[in-house]
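Written below as structure tokens is the structure these notes are about.
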Amino acid sequence: MTQTDYGSVPSSGECNPLRQPNDDGNGYVINIAHENEHELHRHLTLFDLVSVGVGATVGSGVFVLVGLIAHSQAGPSVSISWLIAGVAATASGICYAELGGRFPSAGSSYVYAKETMGDYAAVIAGACLTLEYTGSASAVARSWGDKVVEYVKSHEAGDESWYQVLTFFLDPGFGISTCAFLVSLGAVLLLHDGVKESKFVTNFFSMLNVSLVFFMAAMSLVLVKRENMTPLAPFGAGGIVRGATSSFFGYIGFDEICCMSGEAINPSKNVPRAICITLLIVTTLYCAASLGLAGMVPYQYISESSGFPEGFRYRGYYWVAEITALGELTVLPLVVLVTIMAQPRLNYTMAMDGVLPSVFAEVDEDGNLKPGIKIAGAIMIIIATAVPFSYLDDLISSGILVAFTITDSSVILVRRESPHGNPYLLERMLAAFLILSLLSGFLLRNCLSTGVTGHAVRAMTLFSCLGTLFIGNRIRTHCPKKKSCSAPNVDLFLTPFVPILPLCGCFVNLYLIAQLEITGLAAIFGYIGLAILFCYLNKRRQHEWHRSNCMQVENTIRNGNEPPERMISMQDYQDGN
């Protein structure tokens, strides 16, 4: 891979390095890979994108969350919880659909934040997406490894020596998961051969995944008993809402379509369509499966960890239970493959902007990001092998919700603007809305989780929610539509009801963040703080690079020589220091 040229130096004495179209306005944000010898190839069809979205979304949601929510939160009304969560997820999904078509390049929320909010928000988004891609892939690999061990131990073979050796190999202790290592390694090796090759596997296993969930839903719906559906809401309306809160995490994953848009054919059309189709398929499957499980087994007897296999055993259909258990072990590796697939694409885009080293932007002659895949894959393998799932859950969930919030906010900033007489009004009110939404989430959590709430807390909750509504309405009435944001072509999908729908998405995301445990909240705020520090240090490095180029040009002109045709690259500057 050749080093990138950084633009011609002006013939005058003024130093003005090449301004990139997505810099922060100061002219020194570097793009170190825009002139790659080989770019990402566009080869993903609409079907491929839907396979990525469904494969990354349908996983632990239907295999684990449905039983957990039905047993302890919503009861027979679990399907209502999933429907509410689906509507809430759609609020953010539609925002992704517009921005995915408007900015059809790899990077997802990172690109949207870069275009609308600047470097710091972009780095925060990139850091949170890394939690979603590498973190989620590691967590699913670890969860799959634990399920394999449980399945093998459930078919105990007594004191047979081969069985003892097998169980020790699968579960050697010390927090190490051999199965997680193997499935992570397999996903990385498959991706290393290229997305064109791995997309066949993705499409096949996505169809297998949908077929399995459809089979589970159909069989459970056949076994529904009316008496199991009463009382419909044993935990009350609050239980349905809490169930919807937990169900929301089952919809996470559809946004990976946006990170693959750099390799999509006709992305302005296909990316929005793929997101909408994915959400429709996933919501239908979740609602049907949850309705079937709740009607098949009394909610008190639904297993929290293995709802469908245990449910079929409860009804005496052992062969269906065995198919369900084996099917779960078969399709979960797909989630690992599809989830980690997006990480090298994100790293590629961040490297192009000078945020990450140039090795992440190296593309081979077939359009594959092999160096980036190796690095991201090695990190995933280490985390999946050595870190238990319980240590990753809250941090990953909160990071994804932060990325969702940034995307929803980006749509508002793309479509609305501050009035001419009051610059930055939109930005100030949007920041106030986000802060009040998070505060309202904490207060609502307190009111819903405690049996007795003082009048002062109730009053604070009411005023906080009213303040959130007031600021949201002010954004709607005082911030006009941008005249320059009209669709560049008739095929561009536009989010309806802006800013109301994106603001609703922001509120839901921040409310869900407020429901997490205090350790998870501390972890995500600390993680964001590290991302901000990283961005600050990176900008200082870029300042130094910019000054070095200016001094080079000025010294050359002062000595009576012609200025160089090309400026020193960031990589050469780093190597020299």
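The values are calculated or read from the model by the stated rules, or taken from the named source; none is laboratory data. Just so it is clear, the model here is predicted, and its values are computed rather than measured. Here Cβ is always computed from backbone atoms with ideal geometry, including for glycine, and neighbour counts include all displayed protein chains. Just the protein is used for accessible areas: all its heavy atoms, side chains included, with ligands, DNA and RNA removed. Shrake-Rupley method; radii C 1.70, N 1.55, O 1.52, S 1.80 Å.
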*asked:* For Ser410, only one of the following conditions fails: (1) surrounded by 21 or more Cβ atoms within 10 Å (Cβ to Cβ); (2) of a type in the set (Gly, Ala, Ser); (3) out of contact with any Phe, Trp or Tyr (no Cβ under 9 Å at 6 or more places or on another chain). What is its number?
replied: (3)
*Only one residue in Glu256, Glu263 is of a type in the set (Asp, Glu) and in contact with a Phe, Trp or Tyr (Cβ under 8 Å, 6 or more places away or on another chain). Which one?*
Glu256
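Identify all residues within region 81-101 that are crowded, with 23+ Cβ neighbours inside 10 Å and not aromatic (Phe, Trp, Tyr); write none if there are none. Before the answer, list the steps.
Of the residues in region 81-101, the ones crowded, with 23+ Cβ neighbours inside 10 Å are 81-82, 85, 89, 92-101.
The answer is Ser81, Ala85, Ala89, Ser92, Gly93, Ile94, Cys95, Ala97, Glu98, Leu99, Gly100, Gly101.
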*Say we look at region 528-550 and pick out the residues that are closer than 13 Å to Gly126 by Cα and touching a Cys at 6+ places or on another chain (Cβ under 9 Å); which of these is surrounded by the most Cβ atoms within 10 Å (Cβ to Cβ)?*
Ala531
*asked:* aliphatic (A, V, I, L, M), assigned to a loop (DSSP other than H, G, I, E, B) and either open to solvent by less than 10 Å² (accessible area, probe 1.4 Å) or in contact with a strand residue (DSSP E or B) (Cβ under 7 Å, 6 or more places away or on another chain) (or both): is that true of Ala113 in this structure?
replied: no
*State the number of residues belonging to region 289-321 that are open to solvent by 10 Å² or more (accessible area, probe 1.4 Å), of a type in the set (Gly, Ala, Ser) and under 18 Å from Lys225 (Cα atoms).*
2
_Given the condition open to solvent by less than 60 Å² (accessible area, probe 1.4 Å) and in contact with a Phe, Trp or Tyr (Cβ under 6 Å, 6 or more places away or on another chain), answer yes or no: does some residue in region 184-204 qualify?_
no
_Pull out all pairs, ordered by first then second residue, where Cβ-Cβ is under 6 Å, the residues are six or more apart or on different chains, the first lies in region 348-360 and is farther than 15 Å from Leu537 by Cα, and the second is among the small types (Gly, Ala, Ser) and open to solvent by 20 Å² or more (accessible area, probe 1.4 Å)._
Ala351/Ser358
*Select from region 132-154 the residues that are surrounded by fewer than 24 Cβ atoms within 10 Å (Cβ to Cβ) and not hydroxyl-bearing (Ser, Thr, Tyr) and write down the one among them that is nearest to Ala523 (Cα to Cα).*
Asp146
*Specify which of the listed residues (Tyr286, Tyr251) is of a type in the set (Phe, Trp, Tyr), within 19 Å of Tyr133 (Cβ to Cβ) and either under 19 Å from the mean Cα position of the chain (by Cα) or open to solvent by less than 10 Å² (accessible area, probe 1.4 Å) (or both).*
Tyr251
_Single residue of region 232-248 satisfying the filter (in a loop (DSSP other than H, G, I, E, B) and of a type in the set (A, V, I, L, M, F, W, C)) that is surrounded by the fewest Cβ atoms within 10 Å (Cβ to Cβ)_ = Leu232
